[in-house]
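Scroll down for the structure; my scribbles are underneath it.
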């Protein structure tokens, strides 16, 4: 299957899942995760209509963004860039200039460093709070019981805006096994929306990857992060 066909298939699946959950299908964002994906394949995806790109590492995103600008014709609008992997504090200087949305904020010190760097760059940066809802030791993210306090702490900062939550479900063959995790984070999302902390806006719920994205949308996700299902098996460099 060609990349454009896979993109259309995923969009059709998202549309049906959104309708099933009562969401507006047009409001669900597909982020193509491009870890280890060659730039020419990313360019093909952008030409096929992909408007959001997710990277795990700051340095790889920086290199790919520069290469992509040189490949794509000037008439193509640049994609929005998402940092979907863990952000090391020593990489925030580059991250705040490169990304439109950082998905992986899980502590106040990290948020404070992003805020400081964003102020220096003259911008206000959108972030998501990463929640480790499964309790897996191998996963980043704050615990479900820590999210509210973290959001309140971050609301005091002036150069970041919390736009929502992000989570990752455990890898499993059965997508249905992810449903309880997604449901738990959706409940947290709704609870935070009621509090109305300054600069905390529950607008984005980033859940679901290649193996479980339709289940995530059925449980309320309005942003999914898809790599393998879109670009094929991971490319080795």
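Structure summary
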{"quantity": "Filter result for residue 210 (without any contact (Cβ under 8 Å) to a residue 24 or more places away in the chain, closer than 21 Å to residue 17 by Cα and not in a helix (DSSP H, G or I))", "calculated": "yes"}
{"quantity": "Unique match (being buried (at least 19 other Cβ atoms within 10 Å of the Cβ), part of a helix (DSSP H, G or I) and either modelled with pLDDT of 95 or more or more than 17 Å from the chain's Cα centre (by Cα) (or both)) among 117, 163", "calculated": "117"}
{"quantity": "Among (1) closer than 24 Å to residue 52 by Cα; (2) touching a helix residue (DSSP H, G or I) at 6+ places or on another chain (Cβ under 8 Å); (3) without any contact (Cβ under 8 Å) to a residue 60 or more places away in the chain - the single one residue 168 does not satisfy", "calculated": "(2)"}
{"quantity": "Failed criterion for residue 109 (all others in (1) under 27 Å from residue 216 (Cβ atoms); (2) at pLDDT 95 or above; (3) out of contact with any helix residue (DSSP H, G or I) (no Cβ under 6 Å at 6 or more places or on another chain); (4) surrounded by fewer than 17 Cβ atoms within 10 Å (Cβ to Cβ) hold)", "calculated": "(1)"}
{"quantity": "Residue match in segment 25-41 (condition: in contact with a helix residue (DSSP H, G or I) (Cβ under 6 Å, 6 or more places away or on another chain), touching a residue at least 60 places away in the same chain (Cβ under 8 Å), exposed (fewer than 14 other Cβ atoms within 10 Å of the Cβ) and not in a strand (DSSP E or B))", "calculated": "no"}
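The values are calculated or read from the model by the stated rules, or taken from the named source; none is laboratory data. Note that the coordinates shown come from a computational prediction; the quantities given were computed from them, not determined experimentally. Note that each Cβ is placed from the backbone with ideal geometry, even for glycine, and that neighbours are counted across all protein chains shown.
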